[in-house]
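Chemist: Sending over a structure as structure tokens; questions will come in a sec.
Only the coordinates and a few stated rules stand behind these numbers; no lab work does. Predicted model only: the values in this text are computed from it and were never measured. Counting neighbours? That spans all protein chains shown, and the Cβs are built from the backbone with ideal geometry, glycine included.
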Amino acid sequence: MFEYKSVYIIGIGGISLSAIAKLLKSQGVSVCGSDAVESEITDVLAEEGIEIKIGSSPKYVANSECIIYSGAIPEDNADLILARKMNKKLLNRAEALAMISKDKKCVSIAGCHGKTTTTGMVASILLSGGLDPTVHIGGVLNNINSNLHIGESDLFLTEACEYKDSFLTLKNYVSVILNVQEDHLDYFKNLDNIFASFNKFIENTAKNGVIIYNFDEKDEKLHVGNRNYLSFGFNDGAIVTAKNVVEYQKGKYEFNLYILDKKLTNIKLPCFGIHNIYNALAASCVAIFLGVDAKDIKKGIEDFKGIKRRFEIIQEKNPIIIHDYAHHPTEILSTTKACREIVGDGKIIAVFQPHTFSRTRDLYDEFMKCFDFCDEVWMLPIYPAREKPIKNINSRNFTENLAKNNVKSRYFQKFSICRAEIIKNQAKADMYVILGAGDIEKLAYSLK
């Protein structure tokens, strides 16, 4: 149970904090919030009785016991400065989540990519199996048309974000590690530090709990030790595996789910891309540990209706338009590979909004190589999020360097210009895939 009776949430329009707001309100906490801009999320929260202010609100600071804020809020935020002066209790998003979940059996889904989709699959399985967890997810799960489900059981399912070591606040019953790769180098600096953080995450697992990890990507730097574990993958040695994988529809796969040498069931993945088999295997591991029947694992995965902004179909044909949250090179490569599986030799144009200057700089070489499945790349300005510009790191230079690598590319200064060009050139491509974790969704949804 949360320790404070009144809370002010700065950045309440974020997908994760909006779920925290609704969860706290359901527990009888008085909740108010602010954000920089009005959005669909803030409108929904207001309709649910949460008082919202666009911009700064000294009144909310003064009237609240506790201030919760997102990682995107800068340290010089006026309300944060005031809260410190007034000695208010300050919690970042992860600390608030840890306080909310401390009396629950926490199922934490971690990894540099795939967290939201895997969390959604786990939610679908557990709900199908009657375990009724509370679900806190970093996207809108289409099965429930929400980023939150308040369950009656003692299970608390959440994404566990590694940025700034935030997932180390969680005390886990089930710790899932989908992958460990270079990202957030503005904070971690190098891959060794990322592994060190994930190893601390492993140490936060209860002794009677389980660690679930990707066997195919297991690195000796990841220390599972003698802890209770389940591994998943395609390679020999993994405990939970996918066998007899076949493409039953362009871009969609089915497989037999095995634990060691025992076949549990056959699964038809409803979502596109062979990479989603890994997510399904990870979700299956969680379900197996929690005692879910094979028939409910099958039903839960096959009933999974996807996540908003994750390979979301905006237009079904002439051309196909896909919107995806991918913003890391590995994610972009996986998403565009799934696109290629759908259209075959058809023409694919990727429309990409890079996310943060530091990520663009730190993974620049990888970004230059991640559009191999695309025929053209249309670039939009970098979404800054929490950052200030970095000299020479911009989308115009990105576009020019793609061209030097023989990738046909164009730069657009504004969404409106790019949108007009997509509409004008619809007949010239078989698919547009709109990529990014910033506000590029505005462009995507304007094409509906």
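Chemist: Where the only charges are on Cβ atoms (+1 Lys, Arg; -1 Asp, Glu), what is the dipole of segment 6-97 about its Cα centre, to the nearest 20 debye?
Modeler: Values: 9 positive and 12 negative charges, 89 e Å.
I would put it at about 420 debye.
Chemist: OK, next. Need one number: nm distance between label points at residue 345 and residue 413, each 7 Å from Cα along Cα→Cβ, rounded to one decimal.
Modeler: With each label point 7 Å from Cα toward Cβ, the separation is 4.0 nm.
Chemist: No solvent, one uniform scatterer per C-alpha: report log10 I(q)/I(0) for segment 273-315 via the Debye equation at q = 0.21, 0.31 1/Å, two decimals.
Modeler: The calculated log intensity ratios at q = 0.21, 0.31 Å⁻¹ are -0.75, -1.15.
Chemist: How much length would be gained if the chain were fully extended between residue 199 and residue 420, taking 0.36 nm per residue of separation minus their Cα-Cα distance, in nm to one decimal?
Modeler: Going from the current span to full extension adds 74.8 nm.
Chemist: Would you mind getting me the FRET efficiency between residue 227 and residue 102? Use the beta-carbon distance for r and R0 = 22 Å, nearest 0.05. Intermediate results must be reported in sequence, preceding the final value.
Modeler: Numbers: r = 21 Å, r/R0 = 0.95.
Rounded to the nearest 0.05, the efficiency is 0.55.
Chemist: Scale the Cα Rg of the chain by the rule-of-thumb value 2.2 N^0.38 Å and send over the ratio, two decimals.
Modeler: Details: Rg = 21.7 Å, N = 448, 2.2 N^0.38 = 22.4 Å.
Dividing the Cα radius of gyration by 2.2 N^0.38 Å gives 0.97.
Chemist: Could you state the number of Å between the C-alpha centres of segment 42-72 and segment 319-380?
Modeler: Answer, in whole Å: 35.
Chemist: Right, next: For the residues 1, 431, what sequence is obtained by ranking on other C-beta atoms within 10 Å, fewest first? Display every interim value, and only then the final one.
Modeler: Numbers: 1 9, 431 22.
The order, fewest Cβ neighbours first, is 1, 431.
Chemist: Relative contact order of the chain: what whole-number percent is it, with Cα pairs under 8 angstrom and at least 6 residues apart?
Modeler: Once divided by the residue count of the chain, the mean separation gives 12 percent.
Chemist: Here's another thing I want to ask about it. Listing 119, 336 from the residue with the fewest other Cβ atoms within 10 Å to the one with the most, what is the order? Mind showing how you got there, number by number?
Modeler: Working: 119 29, 336 26.
Neighbour counts put them in this order, fewest first: 336, 119.
Chemist: Right, another one. If each of residue 154 and residue 53 carries a label point 7 Å out from its Cα toward its Cβ, how far apart are those two points in nm?
Modeler: Reported label-point gap for residue 154 and residue 53 is 4.1 nm.
Chemist: Under 18 Å from a point placed 7 Å out from the Cα of residue 81 along the Cα-to-Cβ direction: which residues of segment 48-67 have their backbone N that close?
Modeler: 55-62
Chemist: So which GluC sites (Glu not before Pro) in segment 178-226 are both in a DSSP loop and have at most 13 other Cβ atoms within 10 Å of their Cβ? Write out the running numbers ahead of the final one.
Modeler: Values: sites: 182, 203, 217, 220; in loops: 182, 220.
Counting only loop positions with at most 13 other Cβ atoms within 10 Å, the GluC sites (Glu not before Pro) in segment 178-226 are 220.
Chemist: Given a Förster distance of 41 angstrom, what is the FRET efficiency for residue 315 paired with residue 391, based on the Cβ-Cβ distance and rounded to 0.05?
Modeler: Working: r = 38 Å, r/R0 = 0.94.
Calculated value: 0.60.
Chemist: Still on this structure: Quick check on the exposure proxy: order 106, 112, 374 from fewest to most C-beta atoms within 10 angstrom.
Modeler: Details: 106 27, 112 19, 374 24.
Least to most surrounded, the residues fall as 112, 374, 106.
Chemist: In addition: Just to confirm a number: summing +1 for Lys and Arg and -1 for Asp and Glu over residues other than residue 394 whose beta-carbon lies under 12 angstrom from that of residue 394, what do you get? Spell out each step's value before the answer.
Modeler: Working: positive: 361, 391, 396; negative: 400.
So the surrounding residues net to +2.
Chemist: Follow-up. So if each residue of separation counts as 0.36 nm, and I subtract the Cα-Cα distance between residue 247 and residue 368, what length gain in nm does that give?
Modeler: Values: separation 121, 0.36 × 121 = 43.56 nm, distance 2.93 nm.
Stretched fully, the residue 247-residue 368 segment lengthens by 40.6 nm.
Chemist: Another question about this same structure. Got the relative contact order for segment 312-446 handy, in percent, Cα pairs under 8 Å and 6 or more residues apart? Spell out each step's value before the answer.
Modeler: Numbers: 246 pairs, mean separation 50.8, N = 135.
Once normalised by length, the contact order is 38 percent.
Chemist: Under the definition of Cα pairs under 8 Å and six or more residues apart, what whole-number percent is the relative contact order of segment 6-97?
Modeler: Details: 149 pairs, mean separation 28.5, N = 92.
Relative contact order for segment 6-97 comes out at 31 percent.
Chemist: Turning to a different aspect of this structure: Which value, in debye to the nearest 20, describes the size of the charge dipole of the chain about its Cα centre when Lys and Arg Cβ atoms bear +1, Asp and Glu Cβ atoms bear -1, and nothing else is charged?
Modeler: On the way: 55 positive and 55 negative charges, 72 e Å.
In debye, rounded to 20, the chain gives about 340.
Chemist: Given the rule -39500 (n - 2.57) for each run of at least 4 DSSP H residues, summed and divided by the residues of the chain, what is its mean residue ellipticity at 222 nm, to the nearest 500 deg cm²/dmol?
Modeler: On the way: 16 runs with 149 residues, N = 448.
Per the formula, -9500 deg cm²/dmol.
Chemist: Residue separation times 0.36 nm, minus the C-alpha to C-alpha distance between residue 266 and residue 3: what's the value?
Modeler: Values: separation 263, 0.36 × 263 = 94.68 nm, distance 4.50 nm.
Answer, rounded to one decimal: 90.2 nm.
Chemist: In Å, what Rg and Dmax follow from the Cα atoms of segment 230-344?
Modeler: So, for segment 230-344, Rg and Dmax equal 14.7, 45 Å respectively.
Chemist: Now a separate question. Counting only other residues whose beta carbon sits under 13 Å from that of residue 427, what net charge do I get with K and R as +1, D and E as -1? Each step should come with its number before you reach the end.
Modeler: Working: positive: 317, 347, 424, 428; negative: 421, 430.
After counting each charged neighbour, the total is +2.
Chemist: With just the Cα atoms defining each centre, how far is segment 389-434 from segment 101-166? Give it in Å.
Modeler: Centre-to-centre (Cα) distance: 35 Å.
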